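**Student:** Sharing a structure with you now.
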Amino acid sequence: MSHALIVLAQTPTFLERLGDPFTGANFLINFLVLGALYSLLAIGFVITFKATQVLNFAHGAIAALGAYFTFLVAVEWDIPGRFFPADHPINSTSEAFLSWELFGWLVALFLALLMAAFLGWVLERLFIEPMVGEPLFSVAIITLGLEIMLRTLYNDAIGVVDRQVGDPFLFKSWQIPIGDQSVTLLYSQPFIVLAAIVSGAGLAWFFRSRTGVAMRATAFDQEAAMVQGIPVNRIFALAWMIAAVLAGIAGTMFALAPCPCGATPLLPFIAFRALPAVVVGGLDSITGAVVGGFLVAFIEIFLGTYFGFLSEYVGSGFGAVIPYVVMFVFLIFKPYGLFGTEEIRRV
């Protein structure tokens, strides 16, 4: 019997894996975490697309820089801990999920996100605003150039050593008993899902505000918005700032997750992993970004969890390739995605 057949015979079947509650619990945790991360990235893509009608290829580099900003503030500069005595509770290590240490880290994250927002504003003012009225292809090339520039700056900043963003939970975890085994749930994992929920709720509230309505009107028809007195240029800048903040949150949460666990040289490429979610959900739909993010995460984690034995034949990481196959199918048969606005152009 060949080696491949021996491995296949000794590997648990799909039905055995599907009926295993321990495997199912791990699948659910990983699916929720990855879906939340993909949704955050996809929403940032959608916001800049709705504002400029161009896919921002620099989104992943901005996300990586957001994680680097968190490293700078929380770890390198030790803010706000350095402004308190060493014996202050904010500098202590607590076993609790909610602690002074977490509060201090959230303050550092807030400051890092302000830096990300400023970065988004600068990029829009210097590179995007002068391109208003130019062909959309030219603007897309500009964002591609920004991705290369920002990724180079990021790689030079982190060097060869991965930069930790300062996990406020210090990799603590809960042990959840499942049958005769126990599932490990890191404190950071529900925190990542919670961060995505809070970000989504905050964004939903914003779009119901006066400024949010102006942004929605600008995305629908820029000329009509200008006639109504809406400062379209400011709306463009605000859209880039919001997208940069969401990218910073996503980048920090990716760095906080069990993998890659830090600001690494591969972090700028995470946006391309979320690209299928944008296409599946619809380029101009925030709802579609969320649905697409969780759908793509489901496919990726499901295949990796229950069909992992196929890696012996098709290579490791094949589950991460399948979402792109799904993306190609959508581009062929439903190019506007599940919730995207269909357009008919006469030529």
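The values are calculated or read from the model by the stated rules, or taken from the named source; none is laboratory data. Small disclaimer: the values here were computed from a predicted structure and weren't measured. Neighbour counts are summed over all protein chains in view; Cβ atoms, including those assigned to glycine, are modelled from backbone coordinates with ideal geometry. Keep in mind that these areas ignore ligands, DNA and RNA; they rest on the heavy atoms of the full protein, side chains included. Shrake-Rupley method; radii C 1.70, N 1.55, O 1.52, S 1.80 Å.
**Student:** Of the residues in region 128-157, how many are of a type in the set (A, V, I, L, M, F, W, C), open to solvent by less than 70 Å² (accessible area, probe 1.4 Å) and over 20 Å from the mean Cα position of the chain (by Cα)?
**Tutor:** 6
The rows are residues; the columns are (1) touching a Gly at 6+ places or on another chain (Cβ under 9 Å); (2) within 16 Å of A51 (Cα to Cα); (3) modelled with pLDDT under 80.
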site: V165; (1), (2), (3): yes, no, no
site: F171; (1), (2), (3): no, no, yes
site: G179; (1), (2), (3): no, no, yes
site: Q189; (1), (2), (3): no, no, no
site: L203; (1), (2), (3): yes, yes, no
site: S209; (1), (2), (3): no, no, no
site: A214; (1), (2), (3): no, yes, no
site: A219; (1), (2), (3): no, yes, yes
site: I235; (1), (2), (3): no, yes, no
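**Student:** For residues that are in a strand (DSSP E or B) and in contact with a strand residue (DSSP E or B) (Cβ under 9 Å, 6 or more places away or on another chain), scanning just region 163-178, find the one that is farthest from P190 (Cα to Cα).
**Tutor:** Per the criteria, the residue is R163.
**Student:** Would you confirm, using the coordinates I've provided, whether N30 is over 15 Å from the mean Cα position of the chain (by Cα) and either modelled with pLDDT of 85 or more or of a type in the set (A, V, I, L, M) (or both)?
**Tutor:** The answer is no for N30.
**Student:** Kindly list the number of the only condition in (1) modelled with pLDDT of 90 or more; (2) open to solvent by 10 Å² or more (accessible area, probe 1.4 Å) that fails for A63.
**Tutor:** Failed condition: (2).
**Student:** Exactly one of these conditions fails for G288: (1) open to solvent by less than 20 Å² (accessible area, probe 1.4 Å); (2) farther than 17 Å from K50 by Cβ. Give me its number.
**Tutor:** Here G288 clears every test but (2).
**Student:** Next question, about the same structure. Collect the residues in region 73-96 that are surrounded by 19 or more Cβ atoms within 10 Å (Cβ to Cβ) and either modelled with pLDDT of 85 or more or hydroxyl-bearing (S, T, Y) (or both), keeping them in residue-number order.
**Tutor:** V73, A74
**Student:** Checking R234 against (1) under 23 Å from N155 (Cβ atoms); (2) open to solvent by 30 Å² or more (accessible area, probe 1.4 Å); (3) of a type outside the set (V, I, T); (4) in a helix (DSSP H, G or I), which test does it fail?
**Tutor:** (1)
**Student:** Just for region 187-206: of the residues that are among the aromatic types (F, W, Y) and without any contact (Cβ under 8 Å) to a residue 60 or more places away in the chain, which one is most open to solvent (accessible area, probe 1.4 Å)?
**Tutor:** W205
**Student:** For region 247-341, please list each of the helices (runs of 4 or more DSSP H) lying entirely inside it that holds at least 3 residues being at pLDDT below 85 and over 27 Å from T152 (Cβ atoms).
**Tutor:** Passing ranges, in order: 286-306, 311-314, 318-333.
**Student:** Hey, can you tell me all the residues within region 326-342 that are open to solvent by 90 Å² or more (accessible area, probe 1.4 Å) and without any contact (Cβ under 8 Å) to a residue 40 or more places away in the chain?
**Tutor:** F328, I332, F333, E342
**Student:** Considering only residues that are open to solvent by less than 10 Å² (accessible area, probe 1.4 Å) and touching a Phe, Trp or Tyr at 6+ places or on another chain (Cβ under 7 Å), which ones fall in region 40-60?
**Tutor:** T48, A51, N56, H59, G60
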